[in-house]
1. Would you pick out the residues in the stretch 88-114 that are among the acidic types (Asp, Glu) and modelled with pLDDT of 90 or more?
2. Among the residues of the stretch 155-179, what is the count of those that are among the aliphatic types (A, V, I, L, M), outside any helix (DSSP H, G or I) and exposed (fewer than 14 other Cβ atoms within 10 Å of the Cβ)?
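The values are calculated or read from the model by the stated rules, or taken from the named source; none is laboratory data. Here the structure is a predicted model, which is why all the values come from computation and not from measurement. Don't worry about glycine lacking a Cβ; one is built from the backbone with ideal geometry, like all the others, and counts go over all protein chains shown.
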Amino acid sequence: MEMLYNTAQPHLIISEYGRHVQDMALHLLTITDRRERTKATEAVIQTMTQVHPYSKDSEELRMKLWDHLHLITGFKLDVDSPYPKPLPEAFQVKPERLKYPNTSIRHKHYGKIVDELIKKAAVMEDNEERDVLIASIANLMKKAFMTWNKCTVDDNTIIKDLKEISKGKLILKDASGLAHVHVQLNPQPINKPQNFKRNNFSNNNNNKGGQNRNRKKNKNKNRNGGF
């Protein structure tokens with residue numbers, strides 16, 4: 001029997017479904033009876049759902065499978081589909097290029113969220129709600145600082161950085177809340193369970209040793225007439 005390599009076979013249109021699904025899909029084009037072809041198409045769709053075992057009942061997934069089936073068959077499949085047949089041009093459009101943010105953060109260990117919160121608080125009216133938000137931001141800054149640097153930090157450093165980032169617009173009035181901020185810098189190691197096999201092995205050895213001693217004891221009793 002001659003071995004057939006994948007390099008000698010037709011190109012896989014969608015590789016995630018594999019060669020067998022593609023061969024089944026192309027076989028649909030050879031079925032002349034429309035009713036039988038539609039029935040066989042449903043069987044191919046059910047086979048394709050095995051690639052997505054956790055979303056079999058999703059309507060969006062079934063529409064996607066039908067679109068992929070039309071793509072594999074070169075849009076030549078003529079069956080009673082529950083969804084409209086897609087156009088070949090729909091698969092030729094390239095997605096738009098994502099625009100990555102080019103903003104730079106001076107204090108990167110605080111993160112982008114803290115920077116955005118400071119900007120929001122800087123434009124708020126000076127009231128009790130603003131003071132509460134400033135205190136929350138300071139607490140979050142201390143947690144981020146300790147998590148990033150793996151060390152403790154002086155509260156005056158947080159107050160100074162808050163004022164610097166906000167360009168003097170945010171001043172922490174009550175710094176007592178910072179004293180209650182704690183981060184576990186050195187997590188305790190997880191105690192590993194004892195080796196069951198090793199304990200079992202040692203127990204078996206102890207049992208064997210006890211059995212051997214009992215055998216010797218009984219043997220000596222028999223020799224001494226039971227005494």
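1. Residues of the stretch 88-114 that are among the acidic types (Asp, Glu), as a first pass: 89, 96.
Listed by number, the list is empty, since nothing qualifies.
2. Taking the stretch 155-179 and keeping what is among the aliphatic types (A, V, I, L, M), we get 158-159, 162, 165, 170-172, 175, 178-179.
Keeping just the survivors that are outside any helix (DSSP H, G or I) gives 170-172, 175.
Among the residues that remain, those that are also exposed (fewer than 14 other Cβ atoms within 10 Å of the Cβ) are: 171, 175.
Residues that pass the stated criteria total 2.
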